[in-house]
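The values are calculated or read from the model by the stated rules, or taken from the named source; none is laboratory data. Please read all numbers here as calculations on a predicted model, not as lab measurements. Note that each Cβ is placed from the backbone with ideal geometry, even for glycine, and that neighbours are counted across all protein chains shown. The area values use the complete protein model at the heavy-atom level, side chains included, leaving out ligands, DNA and RNA. Shrake-Rupley method; radii C 1.70, N 1.55, O 1.52, S 1.80 Å.
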Amino acid sequence: MNKYSAIINNINFLEDRVKTLSSNEIREKIINLKNLQNINLNDEKIITEVFALTREVAKRNIGLRHYDTQLLGGLVLNDNQIAEMKTGEGKTLVATLSASLNAI
């Protein structure tokens, strides 16, 4: 849990910066990440940025914001582990985090 806490704090820190970006700027950032050679999807900086961008896109497009517990679930999934969650805790939203990271 401690290893994930720092990443979650960094994602939350980026939230204010990311929400000021236009949709085109977010798209550009994602394209730039896709174009990086030899990208390491386990790099905390990459994970932090992709999760922060995914959170903002979800908020803008479907009106749902990933909470810290959902960020935690996404980090666990990204580590090839299973995150058990109760009904209504946002499992589908959690999946968007690691899915977008792996889509890059």
When every residue in the range 57-82 that is open to solvent by less than 30 Å² (accessible area, probe 1.4 Å) and in contact with a Lys or Arg (Cβ under 9 Å, 6 or more places away or on another chain) is compared, the one nearest to Val18 (Cα to Cα) is Ala58
Residues of the range 1-41 being farther than 23 Å from Gln70 by Cα, in a helix (DSSP H, G or I) and among the aliphatic types (A, V, I, L, M), in sequence order, are Ile31
Pairing a residue in the range 10-23 that is open to solvent by 40 Å² or more (accessible area, probe 1.4 Å) with any residue that is of a type outside the set (Gly, Ala, Ser) and not in a loop (DSSP other than H, G, I, E, B), where Cβ atoms lie under 6 Å and the two sit 6 or more apart in sequence or on different chains, gives Asn10/Thr48; Lys19/Glu56
Review point. Is one or more of the residues making up the range 42-63 at pLDDT below 95 and part of a loop (DSSP other than H, G, I, E, B)?
Key: yes
Considering the range 83-104, residues that are of a type in the set (Val, Ile, Thr) and under 11 Å from Phe51 (Cα atoms), and then whichever is surrounded by the fewest Cβ atoms within 10 Å (Cβ to Cβ), we arrive at Thr96
When Ala99 is run through (1) part of a helix (DSSP H, G or I); (2) among the small types (Gly, Ala, Ser); (3) over 11 Å from the mean Cα position of the chain (by Cα), the failure sits at (3)
